[in-house]
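Taking it in order: structure first as structure tokens, then the write-up.
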Amino acid sequence: MDLVLEIRTKNYDDDLFLIKKAMSHMETLVGDYNGYALSEPSSKFGWTFFKMAFKPNLRNGIEEKFSDMIIKYQANDQAEKFAKFIADYFISKGCEVKIKISD
């Protein structure tokens with residue numbers, strides 16, 4: 001099953017470019033390509049929202065490669081830890097985004 005994250009940003013064009021660049025780098029690191037999909041954006045109150053779905057192969061590759069980092073996050077389950085890791089990864093690449101697991 002795909003893990004879907006909801007991403008919000010105040011600067012959609014710049015952050016989308018940085019996210020795609022960061023994910024390209026991540027895919028190269030784990031050796032899995034075309035492992036995520038982005039939804040169409042919607043805007044409210046100055047924020048732009050969109051969803052990012054991680055396919056199982058990419059998610060598993062990330063979790064295996066970065067298990068020592070992901071395990072240190074404080075969260076109730078593995079999906080929340082993964083979401084926090086991805087949020088920090090995007091921030092480290094210059095993205096100013098907020099991320100949560102989509103319902």
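The values are calculated or read from the model by the stated rules, or taken from the named source; none is laboratory data. Since the model is a prediction, treat every value here as computed from it, not as a measurement. Using ideal geometry, Cβ is built from the backbone for each residue, glycine included, and neighbour counts are taken over all protein chains shown. Keep in mind that these areas ignore ligands, DNA and RNA; they rest on the heavy atoms of the full protein, side chains included. Shrake-Rupley method; radii C 1.70, N 1.55, O 1.52, S 1.80 Å.
Of everything in the range 34-73 that is basic (K, R) and without any contact (Cβ under 8 Å) to a residue 12 or more places away in the chain, the residue that is surrounded by the fewest Cβ atoms within 10 Å (Cβ to Cβ) is K44. Within the range 3-19, residues that are over 22 Å from R59 (Cβ atoms) and modelled with pLDDT of 95 or more have Cβ atoms under 9 Å from residues that are of a type in the set (V, I, T) and open to solvent by 30 Å² or more (accessible area, probe 1.4 Å) in no pair, counting only partners at least 6 apart in sequence or on another chain.
Among all residues of the range 87-100, there is none that is over 18 Å from D15 (Cα atoms), out of contact with any helix residue (DSSP H, G or I) (no Cβ under 8 Å at 6 or more places or on another chain) and either without any contact (Cβ under 8 Å) to a residue 60 or more places away in the chain or not polar (S, T, N, Q) (or both).
Of the residues making up the range 6-33, those that are among the acidic types (D, E) and surrounded by fewer than 17 Cβ atoms within 10 Å (Cβ to Cβ) number 3. For the range 45-103, residues that are out of contact with any strand residue (DSSP E or B) (no Cβ under 9 Å at 6 or more places or on another chain) and more than 16 Å from K20 (Cβ to Cβ) total 24.
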